[in-house]
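Input: a single structure, listed below in structure tokens.
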Ligand code: TRP
């Protein structure tokens, strides 16, 4: 879409609160993209309503998620930051793509199967077509690269299939996007079960550290982190708990694994866990301060939302007009 720059698109739901896994593996590095790519980062409130939401909470979290993006270093002057429901083209293209996506394909999505099991009393059509709306988000901006967690890989593959199918029928219409799965996200594991990825929706509060957790909570969670037998601070396959803490410490301090091992040689797990907690809390302190400042300034956040959605709507309209023309909708815009 931009002749000079390739496009990055990613979305985050305004539900739950992001973890240090999201921060270290994804958001922290998003800012680097804005130098070389045109980046859209979207708060996907339309995806959020596929499960029941309390309206006041959804609204608050939408502001908070945007504030968190900015606090983590995404400059609204350099990135298009916006809210999905402010750009009607997402729902519009979502419907169109529904008609080019097969029931069988959507039935195979593991997230749909998981969420259906968890929300047995609310298996709505939106939960089923969630991936086509996601495809619309991505394809609307002719995105080349989509940073996501590994759990979204299947949805990205479906997005590619839909784009290829559409292009085959109507000629080149959409850029076929690639997933970008940051290596580090996979590496940050649950503090309660280091064999499992740290997940923002984990029901066990002690399993995750949130970007916005206060210092005392962070220290306490690391203190309670599951470690392994023995007492040596060493990175090893048979020491998943300690290895995970070493990865986290290394990510926050920039020290290598070897440096960390030497620093804690001869010291016990207790000292090490406290140091990890301190390093994490210190690194997050400026993000938290900025978040507090931003959420107190609703007018500023609304200004960002307004400018972001205007820019996004303008870019999305170009794709929509192409799509309409291609398959025979009458288009009065010209
Ligand atoms: N489904 C993604 C998630 O739950 C969020 C999302 C929605 C998204 N639309 C997107 C991510 C487009 C990347 C691109 O994490």
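The values are calculated or read from the model by the stated rules, or taken from the named source; none is laboratory data. Since this is a predicted model, take the numbers as computed values, not measurements. Here the Cβ positions follow ideal geometry from the backbone for every residue, glycine too, while neighbour counts run over all protein chains shown.
Counting residues in the stretch 117-129 that are closer than 26 Å to residue 188 by Cβ, within 11 Å of the ligand (Cβ to nearest atom) and surrounded by fewer than 18 Cβ atoms within 10 Å (Cβ to Cβ) gives zero.
Residue-level analysis places residue 142 outside the set of residues that are more than 24 Å from residue 324 (Cβ to Cβ) and assigned by TED's automatic domain parsing to the domain that holds residue 11.
Of the residues 142, 111, only one is within 18 Å of residue 53 (Cβ to Cβ) and either out of contact with any helix residue (DSSP H, G or I) (no Cβ under 6 Å at 6 or more places or on another chain) or assigned to a strand (DSSP E or B) (or both); which?
Numbers: 142 fails: within 18 Å of residue 53 (Cβ to Cβ).
Among 142, 111, only 111 is within 18 Å of residue 53 (Cβ to Cβ) and either out of contact with any helix residue (DSSP H, G or I) (no Cβ under 6 Å at 6 or more places or on another chain) or assigned to a strand (DSSP E or B) (or both).
Of the candidates 154, 168, the single residue that is away from the ligand (no atom under 14 Å from the Cβ) and outside any loop (DSSP other than H, G, I, E, B) is 168. Selection of the stretch 234-244 for residues being in a helix (DSSP H, G or I) and without any contact (Cβ under 8 Å) to a residue 40 or more places away in the chain yields only 242.
Scan 69, 63 and give me the residue that is within 30 Å of residue 295 (Cα to Cα), at pLDDT below 95 and either more than 10 Å from the ligand (Cβ to nearest atom) or outside the structural domain of residue 312 (by TED's automatic domain parsing) (or both). Walk me through it before giving the result.
Details: 63 fails: at pLDDT below 95.
None of the other options fit; the residue is 69.
Against the conditions (1) surrounded by 21 or more Cβ atoms within 10 Å (Cβ to Cβ); (2) free of Cβ contacts under 8 Å to residues at least 40 places away in the same chain; (3) under 25 Å from residue 265 (Cβ atoms), residue 191 satisfies every one except (2). Set side by side, the residues 263, 278 differ, and just one is at negative phi, without any contact (Cβ under 8 Å) to a residue 40 or more places away in the chain and out of contact with any strand residue (DSSP E or B) (no Cβ under 7 Å at 6 or more places or on another chain), which is 263.
Residues that are under 22 Å from residue 84 (Cβ atoms) number at least 3 in the following helices (runs of 4 or more DSSP H) confined to the stretch 247-334: 269-295, 298-327. Listed conditions (1) within 16 Å of the ligand (Cβ to nearest atom); (2) touching a helix residue (DSSP H, G or I) at 6+ places or on another chain (Cβ under 6 Å); (3) at pLDDT 95 or above are all met by residue 182, apart from (3). Within the stretch 28-55, the residues that satisfy the criterion of being assigned to a helix (DSSP H, G or I), within 12 Å of the ligand (Cβ to nearest atom) and closer than 29 Å to residue 218 by Cα are 30, 45, 48. Of the residues making up the stretch 194-203, those that are within 16 Å of the ligand (Cβ to nearest atom) and either surrounded by 14 or more Cβ atoms within 10 Å (Cβ to Cβ) or assigned to a helix (DSSP H, G or I) (or both) are 197, 198, 199, 200, 202.
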